[in-house]
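A.B. asks: I have a structure I would like to understand better, so I am pasting it below and will then ask my questions one at a time.
Values in this text are rule-based calculations from the coordinates and carry no lab data. Keep in mind it's a predicted model, so treat the numbers as computed, not measured. Quick reminder, even Gly has a Cβ in these numbers, built from the backbone with ideal geometry, and neighbours come from all protein chains shown.
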Amino acid sequence: MTFIKKTLASSIALAAATVMATSAQAEMSDGEVRIGYLADMSGTYRDLAGPGGLEALNMAVEDFGGSVNGAAIDVFSADDNNSADVGANTVRGWIDQDNVDMVAGMVASSVVIAVTKVLEENDGLGIISGSAASSITNEHCTPNHIHWVYDTYPLANGTAKAIVDQGGDTWFMLTADYAFGHALEGDVTKVVEENGGEIVGGVRHPFPTSDFSSYILQAQGSGAKIVGLANAGADTVNAINTASQFGLTQAGQQLAGLLVFLNDVHAMGLETTQGLLLTTGWYWNMDDESREWAERYYERVGRMPTMVQAGIYSSTMHYLKAVEEAGTDDPETVRAQMAEMPVNDFFSRNGRIREDGRMVHDMYLAEVKSPEASTHEWDLYEILATIPAEEAFRPLSESQCKLVQN
Amino acid sequence: MTMIFGVPLAVFMGQLLLGLINGAFYALLSLGLAVIFGLLKIVNFAHGAMYMLGAFAALLGMRYLGINYWAALLLAPLLVGGFGMLIERFMLRRIGHLDHLYGLLLTFGLALIFEGTLVNFFGVSGARYPTPEVLQGGFQLGFMFLPAYRAWVLAAALVVCLFTWFMIERTRLGAYLRAGTENPALMQAFGVNVPLLVTLTYGFGVALAAFAGVLAAPLYPVSPTMGSSLLIVVFAVVVIGGMGSILGAVLTGLGMGLIEGLTKVYYPEAANTVIFLVMILVLLLRPAGLFGKEA
C-alpha cells in the first residue's frame, strides 16, 4: 500500500513539475530544443563535415547561450555510415523516441534523399549542409527541409562557365559512375555547350577508384583542353594526384575540379593543385568576419573549417534565431519564420530561403594558389569572382519542385 | 595510326604498361598473403592494414624524424614486420589449433582497430608523401609519358618478388620453413625451433605488405583506408593463383593487372569487377586455382 502511495505521490509531483515547466516555456516541445547531427563520421566524407561539423554545431549552441527562451538546447549525434537505411532509421528513431526538433549536417546525397522522406512523413525539419545533388530542392523537395551550402548547379555554372569563357572550350569528362556523377556531368555538359564549348570524350570510372592512371592516359589521348572531374572526395584527390604524376598540366591540358573541398586541397598540397579553378560557397580567409569565426573554430578543432562546417554553424544559428523569434520549435512555424528572415552572417551574403527550400546566397569562383603565393598551411585559395545569389542557383522558373507554382 | 580493336596502338601499349605496374603491386601484396597462408595456414585479413601501416610509418617517419624515402623503404618493413611478429607471438599463436575461421576473424578485427584508431587521429582525406627527388620527372616513351617513379615501382616490386621466391624455394632456410609447416613435430625432433620460424615467417609476410605500402606512399594519398579497398582484390588474386602458391601469386598479380588495365580501355565501368569475374571462372574450372595443387 505504501509503495502504491509513494508511487502515486511521486507521479503527481512529477506531473506537476512537468506542467509547471511546460507553462514556463509554453511552446517548446518537452521544454527543450533538440537538434540531431547526422553525418558520415568515419568514412570517405568524414573530413568535409564529420566530427568538425558537430563541433561547429556545438559552437553555435554555445554562442547562442545554450538555451532559447529559457528552454535548454540538447544536441544528439550519429554516424550514418553513408548508408541511406542507417540514416533514415536513425532519424525515424530521433523523431519517434527522442522528439528531435531539427536534423542538421547530412552529407551523402543518397542518405539525404531517404532522410527527407522520413522528415516529410513525420512532420520534422532538416537543414542539409553537406550534400551536393541539386535534386534535393528540385524533384526531391519537401516542405520539411532546407538546403543550405551549395549544390551541383552552381558548381557547374560557376566553374565550367568561367573556364569556357577563358577559352577552355573542348572538354574530356572523368565521371564517377553513379547518380551524383551522372548529374554533375549532365549539368556541366549543358553549361559547356550553351557557352559554345564541346565535350569531345569521357570515361565513367567505378566508384570508388584508387588508380586513375589509365583514365588520365585516355584523357591525354583525347586532345581536349580541359579535363573535367565530375567526382568527389577521394576520387577527385586520386585523379588530380595521378594527373600531376603523368605531367598532364605540363603538357598543356588543364584540370577542372567541379566538387573540391578545402580539406581535399589541403591533403593534396599546393604543388599538385595550383591553378585549379573551383566554385565554393564560402572560404575561411575571404574577409575579416569569416576569418574571425574560422580562427575560433581552428582553436577548437586544429583544422580550418570547410564550407560545409561553416554552413552548419550558420544554419544552426539561423534556426535558433527563428525558434526564438517564433517562440516555438514547431517545425512548420519555424520553417516559415526562417524563410521570413534574410540570412546575412559571416557565411552567407544576400542569403534567403526560397519556397523550394533552397537557401540561395553568393557563391565564389576561386583559384588554388601556387606554393610561392601561399603564406601558411591553410592559405590555399584566391577568390576570383563573386557569383551573385540570384544567378548562382537553378532559377525557380526551371524548378520541378512540387512547392513551386510554375 | 595502327588500331587494336578500335584503340590506337599507342594508347593500347600505354595501358599494358600501366597494367603491369598495378600488377606489380598486386603481386607484392598477394605474395605476402600467399607466404603467410601457404606456410602458416592463416588467412591474414590484417594484410591491408599492414600495407597501410607501412605507408604511415614512412609518412610519420619523414614528418617527425626526418627519415627519407630510401631509409623508410628499409625501416618501415622492419618496424611493421616486428609489430606483426608480436601479433603472431601473443595472439595468433593462441588460436593456432582452432579452425582457420578464428584467425580470419582475429586479423579482421585487428585491421578494423588499426584503421579506426588512425582515422581518429588523421581523418580520411589522406596526406601527400613527396616523390623522392631522383625519381621525379619521367621518360617520354613515344607512346606515353612514363613517370620515373612508376618505372622504379615496377622494378623494385619484381626484384623483391623474385628474391622471396628464391628464398623460399631455393635455400636451406626456405626448405626448413616448408618442412616445418608440413610436419612441425618431426622438425622439432630434428632440433629446429619451429615456433620461431613461424613467427619470423609471419613477420616477413607482413614486412612485404609494409614494403608495398612505402612504395605506394608517393603514388596514392596516405590514408587509413588505403589498405581495405585493395585487400579484397588481392584476396581474389591469391584465390585465382591458388592459395599458398608463391610463384602463382606473383604471376597472377601481374596478369590481373594487365587484364584490369585493358578493361579500363574497353569497358571502364567493369574495371573494378573484372578480377572477380576471372575469379569465378577459375573457381568453376580449376577450384584449386591456376597454380595450386589439388588437395
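A.B. asks: Pop the C-beta distance of B:L283 and B:L135 into the FRET formula with R0 = 45 Å and round what comes out to the nearest 0.05.
C.D. replies: The value I calculate is 0.70.
A.B. asks: Next question, about the same structure. Just to check I understand the Karplus step: with θ = phi - 60° and J = 6.51 cos²θ - 1.76 cosθ + 1.60, what whole-Hz values come out for the range A:73-78, glycine and proline as x?
C.D. replies: 9, 10, 10, 9, 8, 8
A.B. asks: Taking the 0 to 90 degree range and rounding to the nearest ten, how far is the long axis of helix B:69-90 tilted relative to the main principal axis of chain B, both from C-alpha atoms?
C.D. replies: Roughly 30 degrees, rounded to the nearest 10.
A.B. asks: Semi-axes of the equivalent ellipsoid of the range A:167-238: what are they in whole Å, largest first, if each equals the square root of 5 times a C-alpha gyration tensor eigenvalue?
C.D. replies: Equivalent ellipsoid of the range A:167-238: 20, 15, 8 Å, largest first.
A.B. asks: Can you compute 3J(HN,Hα) from phi for each residue in the range A:270-277, using the Karplus curve 6.51 cos²θ - 1.76 cosθ + 1.60 with θ = phi - 60°, rounded to whole Hz and x for Gly and Pro?
C.D. replies: Couplings: 6, 3, 7, 9, 3, x, 5, 8 Hz.
A.B. asks: On a 0 to 90 degree scale, rounded to 10, what angle separates helix A:233-245 from the longest Cα axis of chain A?
C.D. replies: Roughly 20 degrees between the two axes.
A.B. asks: Want the number for A:E340 to A:T375: 0.36 nm per residue separation, take away the alpha-carbon distance, what's left?
C.D. replies: 8.5 nm
A.B. asks: Add -39500 (n - 2.57) for each DSSP H run of 4 or more in chain A, then divide by its residues: what number comes out at 222 nm, to the nearest 500 deg cm²/dmol?
C.D. replies: -13000 deg cm²/dmol
A.B. asks: Work out how much length A:D165 to A:H182 would gain on full extension: take 0.36 nm times their residue separation and subtract the Cα-Cα distance, in nm to one decimal.
C.D. replies: Result for the pair: 3.8 nm of gain on full extension.
A.B. asks: Please name whichever of B:G180, B:T199, B:V239 sits farthest to the positive end of the charge dipole of the range B:168-295, dipole taken about the Cα centre and charges placed at Cβ: Lys and Arg +1, Asp and Glu -1.
C.D. replies: Looking along the dipole axis, the top candidate is B:G180.
A.B. asks: Now for a separate question. With springs only between Cα atoms under 10 Å apart, run a GNM on chain A and tell me which of A:T175, A:T209, A:T90 wobbles the most.
C.D. replies: In this elastic network of chain A, the residue with the biggest mean-square fluctuation among A:T175, A:T209, A:T90 is A:T209.
A.B. asks: May I pose another question? Within a 10 angstrom radius of the beta carbon, how do B:I113, A:I240, A:I387 rank from fewest other beta carbons to most?
C.D. replies: Final ranking by Cβ density, sparse to dense: B:I113, A:I387, A:I240.
A.B. asks: Taking H as built 1.01 Å from N, whose amide H comes closer than 5 Å to the amide H of A:A256, not counting residues under 5 places away?
C.D. replies: A:V227, A:G228, A:L229
A.B. asks: With +1 on each Lys and Arg Cβ and -1 on each Asp and Glu Cβ, how big is the dipole of chain B about its Cα centre, in debye rounded to the nearest 20?
C.D. replies: Result for chain B is approximately 340 debye, rounded to the nearest 20.
A.B. asks: Then there's this: Check which residues have an amide H placed less than 5 Å from B:A127's amide H, if you skip close sequence neighbours.
C.D. replies: Result for B:A127 returns B:V222, B:S223.
A.B. asks: Can you sort B:M13, B:M243 by how many other beta carbons sit within 10 Å, fewest first?
C.D. replies: B:M13, B:M243
A.B. asks: Separate question: What's the exposure ranking of A:S29, A:S109, going from fewest to most Cβ atoms within 10 Å?
C.D. replies: Ordered from fewest to most neighbouring Cβ atoms within 10 Å, A:S29, A:S109 come out as A:S29, A:S109.
A.B. asks: Now a separate question. Determine which residues of the range A:368-406 fall in the zone a paramagnetic label at A:E289 would reach in this model, i.e. backbone nitrogen under 19 Å from the point 7 Å along Cα→Cβ.
C.D. replies: Under cut-off, by backbone N: A:383-392.
A.B. asks: Would you compute, from DSSP H runs of 4+ residues alone, the mean residue ellipticity of chain B at 222 nm, taking -39500 (n - 2.57) per run and dividing by the full residue count, rounded to the nearest 500?
C.D. replies: Mean residue ellipticity at 222 nm (helix-derived): -23500 deg cm²/dmol.
A.B. asks: Here's another thing I want to ask about it. Please list, or write none, the lysines whose alpha carbon is within less than 23 Å of the alpha carbon of A:K369, excluding same-chain residues fewer than 8 places away.
C.D. replies: A:K161, A:K225
A.B. asks: Further question: Tell me the angle of helix A:2-24 to the major Cα principal axis of chain A, expressed in degrees between 0 and 90 and rounded to the nearest ten.
C.D. replies: 60 degrees
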